[in-house]
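Quick note: the coordinates plus some simple rules give every number you see, no bench work behind them. These figures come from a predicted structure and were not determined experimentally. Reconstructed Cβ throughout: ideal geometry from the backbone, glycine too, with neighbour counts over all protein chains shown.
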Amino acid sequence: MIYNKLRKFPKEFLWGASTSAYQVEGAWDEDGKGLSVIDMCDHPEKTADFKVASDHYHRYKEDVKLFAEMGLKAYRFSIAWTRIIPQGTGQINEKGIEYYNDLIDELLKYNIEPIVTMFHFDLPYALEEKGGWGNRETIDAFVEYSKVLFKSFGSKVKYWLTINEQNTMILHPGAIGTPKGSAVPTKKELYQQNHYMLLAQAKTMDLCHEMCPKGKIGPALNITAMYPETCNPEDAIAAHNWESIRCWNFLDIAVHGRYNNLAYSYLVERGLEPSILDGDIDIMKKAHPDFIAINYYSTATIAASENNASDVSARAGDQQIMLGEQGVYRSAENPYVEKTKYGWVVDPVGLRMTLRKVCERYDLPILITENGIGAPDVLEEKNVINDGYRIDFIKKHLEQLQLAITDGVNVIGYCPWSAIDVVSTHQGYGKRYGFIYVDRTEFDLKDMRRIKKNSFYWYKNVIESNGEQLH
Ligand code: BG6
């Protein structure tokens with residue numbers, strides 16, 4: 001659709017930026033914090049671990065001041081479960097509550113809306129030792145933790161995100177949060193974990209509505225539209241297979257309280273379906289999200305399965321690199337898009353496509369909670385970080401976002417990854433995403449000075465003009 005006139009960004013649009021606790025805070029064992037699965041993971045020898053990260057725990061005031069200077073209307077961050085309840089259940093750590101209260105107050109002081117992710121990959125290790133998400137009791141632990149969050153922060157926080165990228169945790173289990181020496185769970189085990197997380201999410205959404213009358217809550221998934229490699233109908237079927245299994249299955253349950261039919265047939269055929277107790281589906285049907293949060297980085301291009309082992313590609317996968325699955329789909333190349341140096345497809349138009357699909361399927365407000373480009377930014381003389389590629393990336397995505405708004409999609413905010421440099425999940429400190437540079441390297445913490453990148457000034461202008469500056 002080509003329009004003569006674009007709709008404006010809504011007046012209350014949440015111009016924001018994101019981080020997560022373990023990637024930004026540091027202070028991994030301070031003030032009573034318990035160990036999480038992330039603290040217990042092996043790190044690739046050549047990349048930073050998460051112990052100090054960007055030291056946001058100690059420098060949050062300085063950071064929030066910079067966010068305010070950039071003009072942020074919202075800051076999406078996650079709460080570390082292990083700061084609040086160090087062993088996952090039981091004893092509450094008042095220091096943890098105090099820290100997040102202070103952070104939230106600091107944000108509100110500058111009229112920055114806090115958007116809180118309740119769980120971003122960092123399950124308490126004490127729970128992992130009891131079976132983690134494979135143990136049905138973890139559902140109650142999560143609900144107990146949620147209760148503490150709603151009670152402590154519910155009067156100040158309006159936007160809540162339940163679980164970050166549950167689909168990444170289930171579909172790329174080896175890539176995130178597998179503690180030293182632990183085996184990667186089997187697919188059957190993963191789909192059981194998935195079921196328990198879905199129940200925990202449903203109960204938490206209900207609880208939020210009960211405890212925080214003004215609160216709004218939703219899931220935050222990594223959602224990616226899929227293209228068929230050609231107009232061969234078999235390619236289109238394969239793209240639809242993978243889109244349903246990777247994306248819609250998770251959202252269908254969150255919104256409608258039922259598994260996606262196609263994805264469930266796939267699970268049954270392979271003997272992967274979870275054990276579902278009487279009453280589980282009722283719990284899921286009763287709950288409802290107020291909005292859908294999506295993390296969008298790339299699209300994927302998909303070809304028909306040849307139903308042999310060659311369907312699965314040999315390269316290592318991460319959350320944006322599709323591997324293929326025998327009998328389901330093959331990963332294919334898209335000649336019309338570029339890739340980052342990490343192999344992630346850059347596809348701004350794909351964002352419009354993804355937003356249209358999510359809107360059409362669920363008809364709920366959409367909040368973009370991640371989008372961005374990782375790069376080894378360079379600090380030049382006179383404190384300049386010339387990240388024109390980031391400006392270009394975000395500008396093109398925002399243009400498509402505005403087109404999606406013009407298409408009629410209700411997008412309520414945009415929180416790119418990341419507000420400030422953080423430790424990347426896979427590539428340490430060498431792959432930066434922030435608008436604010438942190439002066440450290442992989443292993444040399446230097447002075448951790450904060451320096452504004454060129455994208456900081458650009459984003460500030462965009463926010464100030466409520467998006468007019470894009471044109
Ligand atoms: C998202 C995660 O999938 O991608 C973030 O929610 C992560 O935690 C981001 O940092 C970028 O991925 P990476 O691997 O480049 O850090």
Protection-proxy order for peptides 263-274, 321-332, each taking the mean of Cβ atoms within 10 Å per residue, highest first: 321-332, 263-274
For the range 169-220, restrict the atom set to alpha-carbon positions and state the Rg and Dmax in Å. 14.6, 44
Pop the C-beta distance of Glu98 and Lys65 into the FRET formula with R0 = 25 Å and round what comes out to the nearest 0.05. 0.80
All other residues with a Cβ under 13 Å from the Cβ of Arg59 taken together, and with Lys, Arg as +1 and Asp, Glu as -1, what is their net charge? -4
Quote the relative contact order of the chain in percent (integer), defining contacts as alpha-carbon pairs under 8 Å separated by 6+ residues. 18
Contour minus end-to-end for Leu262 and Asn466, with contour as 0.36 nm per residue of separation and end-to-end as the Cα-Cα distance? 69.4 nm
In nm, spacing of pseudo-spin labels at Lys382 and Ser275 (7 Å Cα→C-beta vector): 6.8
Taking the Cα centre as origin and putting +1 on Lys and Arg beta-carbons and -1 on Asp and Glu beta-carbons, what dipole magnitude results for the range 358-471, to the nearest 20 debye? 280
Honestly the range 87-138 on the Cα gyration tensor test (a ≥ b ≥ c root eigenvalues; a/c under 1.5 rounded, otherwise a/b vs b/c for prolate or oblate) is just prolate
Relative to a virtual label point 7 Å from the Cα of Arg449 in the Cα→beta-carbon direction, which members of the range 373-387 show backbone nitrogen distances below 13 Å? 379-385
Quick one: if you stick a label point 7 Å off each Cα along the C-beta vector at His58 and Val337, how many nm between them? 4.1
According to the square roots a ≥ b ≥ c of the eigenvalues of the Cα gyration tensor, what is the shape class of the chain, taking rounded for a/c under 1.5, prolate for a/b larger than b/c otherwise, and oblate for the remainder? rounded
If R0 = 30 Å, then Lys130 and Glu442, at their Cβ-Cβ distance, give a FRET efficiency to the nearest 0.05 of 0.30
Magnitude of the Cβ-charge dipole of the chain, K/R +1 and D/E -1, about the Cα centre, nearest 20 debye? 1120
Over the Cα atoms of the range 395-471 the radius of gyration and the largest Cα-Cα distance (Dmax), both in Å, equal 15.4, 48
Distance between Cα centroids, the range 51-81 to the range 171-220: provide it in whole Å. 25
Can you figure out the FRET efficiency of Arg7 with Ala314, using R₀ = 60 Å and their beta-carbon distance, to the nearest 0.05? 0.85
Do the alpha carbons of any pairs in Lys51/Lys187; Lys109/Lys158; Lys130/Lys286; Lys95/Lys156 sit beyond 20 Å of each other, and which pairs? Lys51/Lys187; Lys130/Lys286
Considering only Thr89, Tyr60, Asn334, whose Cα is most displaced toward the positive end of the charge dipole of the chain, charges sitting on Cβ of Lys, Arg (+1) and Asp, Glu (-1)? Tyr60
Given charges at beta-carbon only (K, R positive; D, E negative), |dipole| of the range 1-119 in Debye: 900
From fewest to most C-beta neighbours within 10 Å, the residues Val143, Val157 line up as Val143, Val157
Counting other C-beta atoms within 10 Å, which of Asp39, Asp290, Asp387 has the fewest, and how do the rest follow? Asp290, Asp39, Asp387
Tell me whether the range 32-107 comes out rounded, prolate or oblate; compute the Cα gyration tensor, take square roots of the eigenvalues as a ≥ b ≥ c, and use a/c under 1.5 as the rounded threshold. oblate
Cut-off is 10 Å between beta-carbons; in what order do Thr204, Thr178 appear when sorted fewest neighbours first? Thr178, Thr204
Excluding Tyr389 itself, what net charge comes from residues whose Cβ is under 12 Å from its Cβ, given Lys and Arg +1 and Asp and Glu -1? +2
Using +1 at the Cβ of each Lys and Arg and -1 at the Cβ of each Asp and Glu in the chain, identify which of Gly434, Ile223, Gly413 lies farthest towards the dipole's positive end. Gly413
Summed residue charge, Cβ within 12 Å of Trp344's Cβ, Lys/Arg positive, Asp/Glu negative: 0
